[in-house]
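Single-structure report; data block below.
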Amino acid sequence: MSLDYHLSYQVAHCFQQLLEDLQHLCTYIRQESPPLWMLHAQDLTYSQAQDYLIQALQDIWYLTGQDGRYTRTYVGIVAVSAPLMQAARQVNQSKLALKQALDAIKKAYPQAWSSIKANLHSQVAASLKQHQRPFALQGALASQGLSALHLKQSWRQLPLIDPPIEQIRFSWYSSGRSIKRLSVAQAHNLLMAMNPEDPLVERQLKALAQLPASTPLAQVQAQAPLMRANIFYQQALADGRTRRALNVALPLFVQMTHLPEHNQPSLNAPEARTRKQRVDNQLADEVFLPSLRAYLYKDAYR
């Protein structure tokens with residue numbers, strides 16, 4: 001289908017601005033050579049670690065064969081000057097603008113969003129050609145295509161820390177999961193969207209039919225391991241806080257002349273759960289609808 005001209009042009013404009021701002025930030029980094037530490041580049045020379053940082057900042061594309069749900073993580077710290085911090089802040093603004101432009105398309109064409117994502121390249125390229133946009137962007141689109149753009153990696157924000165930091169403690173968090181409540185009707189529709197003639201799906205539909213319509217189910221999705229940064233400030237903030245915790249997938253930018261004290265976490269998340277299972281777990285031990293990862297609550301009829 002053909003996209004609204006204004007929407008496709010807005011995506012093209014925002015995408016180009018992001019590429020330009022990323023290039024500006026990376027140029028600044030090469031010029032200033034700020035102190036930096038990257039978890040997966042500890043044994044490299046400074047020049048090699050700097051290259052790795054720049055690669056991380058510009059990593060917004062899918063790799064061949066990559067699972068669409070997977071996002072690459074780059075843990076690190078960069079001690080930056082005020083001008084370099086401003087360049088990073090501009091990148092975040094461009095990331096947000098691109099996300100808003102893509103959200104506008106998703107809102108305008110909710111039913112066709114998946115198809116549109118796969119064909120954004122041709123839609124945006126036509127807009128670029130009409131407006132004779134710089135060849136740098138056209139080259140990026142020709143070689144990669146917006147269909148190869150990893151949306152989450154392109155718009156995820158750089159973590160920026162302005163107040164002076166005393167220390168940073170990194171730790172893996174690998175026991176997270178998301179739980180979404182489903183109604184019987186929603187679960188039925190999701191199963192019917194699969195192959196209802198498949199024996200496994202058929203058995204689940206029959207089991208679901210035995211439940212009262214008001215029975216809640218819980219759809220559980222295991223979350224990928226996260227790196228959590230516990231940031232300790234040199235002085236209490238205006239609201240009295242002396243520390244902050246946040247999940248990080250990109251290097252922390254701290255406005256300091258040197259790297260703050262920090263620990264050296266393991267390169268990979270531990271295989272075993274790092275937290276005990278909640279004693280007040282309200283879900284049944286056995287999955288009820290395997291195809292949906294849906295569980296009954298222990299008190300299924302509450």
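Criterion first (modelled with pLDDT under 75 and either within 30 Å of Trp172 (Cβ to Cβ) or among the basic types (Lys, Arg) (or both)) does Arg89 satisfy it? The answer is no for Arg89. Please enumerate the residues belonging to the range 65-84 that are surrounded by fewer than 19 Cβ atoms within 10 Å (Cβ to Cβ) and at pLDDT 95 or above. Passing the criteria: Ser81, Ala82, Pro83. Here are some residues: Tyr46, Tyr5, Tyr62. Which one is modelled with pLDDT of 90 or more and either surrounded by fewer than 19 Cβ atoms within 10 Å (Cβ to Cβ) or over 15 Å from Pro159 (Cβ atoms) (or both)? Unique residue meeting the criteria: Tyr46. Just one residue in the set Val91, Val78 is touching a Pro at 6+ places or on another chain (Cβ under 6 Å) and touching a residue at least 60 places away in the same chain (Cβ under 8 Å); that residue is Val78. Restricting the range 175-207 to residues that are surrounded by 11 or more Cβ atoms within 10 Å (Cβ to Cβ), part of a loop (DSSP other than H, G, I, E, B) and out of contact with any strand residue (DSSP E or B) (no Cβ under 7 Å at 6 or more places or on another chain) leaves a set whose member that is modelled with the lowest pLDDT is Ser175.
The values are calculated or read from the model by the stated rules, or taken from the named source; none is laboratory data. Everything numeric in this text was worked out from a predicted model, so none of it was measured. Glycine gets a Cβ as well: all are built from the backbone with ideal geometry, and neighbour counts include every protein chain shown.
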